[in-house]
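Take a look at the structure below.
Just so you know, all these numbers are worked out from the coordinates, no wet-lab data involved. Note that the structure is a prediction, hence the values are computed from the model and not measured. Using ideal geometry, Cβ is built from the backbone for each residue, glycine included, and neighbour counts are taken over all protein chains shown.
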Amino acid sequence: MAQGRKGKLNYRCPWCLAREIDMDMLYDRDKDEYYCLRCSFTGNEPEVLRLNAQFRAKYRDRMRRITDF
Amino acid sequence: MSEFYVTIIHRPEMVPEYIQREAQEGKQEDLARSEVIRESLDIFRTQQQVAHDNGLRTTIQMTYASLFNAEVIAIAKEHHDRYGDEIGSTFLGLQCQQFRDKFKSKELAIWLFSMEDKRRIVDEVLGKFYEVFGFYPTSTGSYYMDAELVNYIKSKYPMIKAAVATCWEEGPKAYRNANNSWYTIFDGGPWNPWIPSKRNIHCPASDEADDIGIVAIPHLSRDLMAVFDGPGSYYGTHPQNILRGMVYEGREIPYFKNIVDQYRSMATYNRGYSYNMMYVGPGWMSKQGRWEADYAFLLKSYQDGMAHYGQLKKKGKAQDVTLSEFADIYRQSRPYTRPECTLWKDILYGSRRQQFWYADPWMRFCLDMNQGGAMIDLRPYAARLVRPCGVGTRHLQDASYPFLVQSLYRVGYFTHYAGEGAVKSCKFSYAGEEIDLCTCRTLASYSEEGDTRIVTLDPVNIEFARVTISVQSVFRLTEGTGEIEIVRSIIGTTDPAAEITIDEYITACYGTTEYPEDLTGITLTLQGAAERESIEYAYQCREAQVPDIIVAEAIVPQVETRLTMRTDSDHATGYFREGFAFSPMYTIGLKQTIQGKGELRTWLKVEKAS
């Protein structure tokens, strides 16, 4: 197995993020995959981005400019 | 005061933890790594430029490390002369080679040192500041400044009048969010500036004798709903915090402006005054990128945020002030007893949820309209608990101000298995049915009558099998009384002959975390016109009730608090309920049966038990 290193960005584990734990992942160059030291997540960059988009979905007003208070 | 004040703070941190961590990967520690210092300095310079380009003055809080850097010192002096920026000090960014050599410690948090070390560090940091600039700063700060630390600073450096003194609701949630590695455990303070008590930094001072001598500023202006339920480092006036929380799409972050504008709206609740602060350390704008965002996005988010403040200033809707200037303004027209309050609206999740936050020298509490106005947080400031933190103290890292009610840490309205949760609410019962207002979602409006703040909830319908009633709740908060007056009115009924029982109650505990504390020794007492019942808590499930109640009381010696409920009704019944080990709570309440329409008016009070 290759030595895990930080990836090009500090991608956090999307499964840990879903329970609001910030856990930076390590990147395995040989497998082109990120993995989490805390839980058992493994996935490539598109998978991380897909799950991050899913995480954002709970913020239904994330793109709404609210001015009426 | 009738202004929206904005304070922008920058700190030239020479060895920011995030950048240092990145640069250090795979290498041994080197606090003098030149590329880290160079990058940090570049970011500081960029932050200053972004603020000035938007016409905003800043407060430059010099870190200890930066006091050894001629370039930073020159920038600070130049920007003070040219833009009117304030040169202050901070106890963040202590770590550098000089600190390590002098104090032989890797500790980074001023509040976690022993008291003896705190004194030594204060003298060293402020002494070095004087040596460099020829004067002492008038503002300082850290993520947390305990009362003992501030009392020492004031005793030796009385010119200091403002400090960044805590991070709002940065406690167990922030600790857990950082995979149990971020020791900023200090829930329970005010969310907007306040004058702290000499006894405990979280508590607003009650009078001049209790005044610690500074105006305290929370680190960032935070989303009062999202941060109560989520990580503090996701939702506030810190653009990179918002990136961390992933509250964006593409590269746009309207949420930042929404937070700012909701804070501006607080003028409605606070005699025309509102406030914001932005304080981003250079580590958050690392050239390597951070929180899934590249440097370009980190920078853009900062520029966009600052541009919003700049635009507000240009339109005459904001006034940029330095930390010390703000302290002077705040003190000009702030009676000690004046509360800070706000009816916060959801700006994140797309619900219509509202929460009402209130803080004064007696208490801090939150009402949740999603739960019929239930009180989901209650902190007994009246107790003014002396709770030193740091090495050598009993609580060490736990600098939170204790709660009596925290519904997220201690269940709240019960939806799971057996037992009770900490919440203050009201139940209505009829013919064997019982409905809690916690299940009656509603909205609220705010008004004032002189020195009384009033939160009026929209009526809700409660449907029993044979009768439907319409119920309205009103909370009245009269300045300087330390009491909450609560009116529960049946304003409509389908059966005027039906006898409805109104049960106003509080189920409480105490603590600072999710884990239960020992309730042994708490006393529950009912004092009626003719009868009295009292027990000492021993987890025995005991219950009692007394007619013609005068006062129902819980004394919690562990947090030196006396909690009471009273009513103006002559014929209400008081009761208490002891818990058991699997349900470590206590309840006191007042009940009254009403035929047709009518009301139960009660007062909740927290006092120091001594």
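Summary table below
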read-out	value
Ranked list, fewest to most other Cβ atoms within 10 Å of each Cβ, for B:THR561, B:THR393, B:THR525	B:THR393, B:THR525, B:THR561
Those lysines that a straight Cα-Cα span of less than 25 Å connects to B:LYS591, excepting residues fewer than 8 apart in one chain	B:LYS424, B:LYS427, B:LYS605
Expected 222 nm ellipticity per residue - DSSP helices of 4 or more, -39500 (n - 2.57), all of the protein assembly as shown, to 500	-6500 deg cm²/dmol
Region A:14-56 - charge dipole about Cα centre, Lys and Arg +1 at Cβ, Asp and Glu -1, debye rounded to 20	180 debye
Fraction in percent of alpha-carbon pairs per bin - 10 Å, region B:356-449	14, 35, 30, 15, 5, 1
Sparsely packed chymotrypsin sites (Phe, Trp or Tyr not before Pro) within region B:113-204, loop by DSSP, other Cβ within 10 Å at most 12	B:PHE135
Cβ-placed point charges (K, R +1; D, E -1), dipole of the protein assembly as shown about Cα centre in debye, nearest 20	1440 debye
Gyration tensor (alpha-carbon) shape descriptor, region B:4-333, a/c threshold 1.5	rounded
Nitroxide proxy distance, nm - points 7 Å out along Cα→Cβ at B:PHE135 and A:ASP32	6.1 nm
Between helix B:70-83 and chain B: long-axis angle, C-alpha atoms, 0 to 90°, nearest 10	70 degrees
Region B:4-333: relative contact order as a whole-number percent, Cα under 8 Å and 6+ apart	22 percent
Surface/4 of the Cα convex hull for the protein assembly as shown, nm²	30.7 nm²
Dipole of chain B, positive end: most advanced residue of B:ALA383, B:ASN461, B:VAL474 [Cβ charges, Cα centre]	B:ALA383
Charge tally in the Cβ shell below 11 Å around B:GLU170, where Lys, Arg are +1 and Asp, Glu are -1, B:GLU170 excluded	0
Helix axis angle, B:295-314 relative to chain B longest principal axis, alpha carbon, degrees	70 degrees
Within region B:4-333: Cβ-based charge dipole about Cα centre, in debye rounded to nearest 20 (Lys, Arg +1; Asp, Glu -1)	320 debye
Region B:147-259, relative contact order in percent, only Cα pairs under 8 angstrom and at least six apart counted	24 percent
Peptide A:17-23, shielding by other chains (average Cβ, 10 Å cutoff)	5
Cysteines having no other Cys beta carbon under 4.7 Å from their own, within chain A	A:CYS39
Fraction of antiparallel bridges per DSSP, region B:4-333 only, in percent to nearest 5	25 percent
Over chain B, relative contact order from alpha-carbon pairs under 8 Å, at least 6 apart, %	11 percent
Chain B - Kirkwood radius from inverse mean 1/r over Cα pairs (Å)	25.4 Å
Spatial separation of Cα centroids for region B:545-589 and region B:59-103, in angstrom	53 Å
Candidate lysines for bridging to B:LYS345, where Cα separation is under 17 Å - those fewer than 8 sequence places away on the same chain excluded	A:LYS58, B:LYS257
Trypsin sites (Lys or Arg not before Pro) lying in DSSP loop within region B:28-104, provided at most 13 other Cβ fall within 10 Å	B:LYS104
Angle between chain A longest axis and helix A:45-56 axis [Cα atoms, degrees, rounded to 10]	30 degrees
